[in-house]
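To start, the structure itself, in structure tokens.
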Amino acid sequence: MGDLEATKEFDLPLHLQLAMRKAEIAAKEMTWEQLEAALLNLYHQRLLEIQAIKDMLQSEQIELEFDIPTDLELAQLALSMMRHEDIFGEDDEDDAMPF
């Protein structure tokens, strides 16, 4: 599990590190339903932002393609996270991140 901790530590600016920590603390207090709703809202917001960027680029006649994950890719990600949870068991819940 040391690799997971190493990948969690990105070279982020301090204000983003603080935002990530605040999100971690808030996520620990959420139920799975609340967490799912928050993640879906975030995903929807990001899709809207990507579409706004595409629209701005199109208005400037700039051709750029974005790779948005498909529903199948998102389902595969969810399955891999469930397998990861099964491998490490339920006793690591207090240290594990739900996302």
So Ile50 and Ser80, fully extended at 0.36 nm per residue minus their Cα-Cα distance, gain in nm 8.2 nm
Rounded to one decimal in nm, the spacing of the 7 Å Cα→Cβ label points at Trp32 and His15 is 3.6
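Each reported figure results from applying straightforward, stated rules to the coordinates on display, with no laboratory input. Predicted, not measured: the structure shown is a model, and the values here were computed from it. We place every Cβ from the backbone using ideal geometry, glycine too, and count neighbours over all the protein chains shown.
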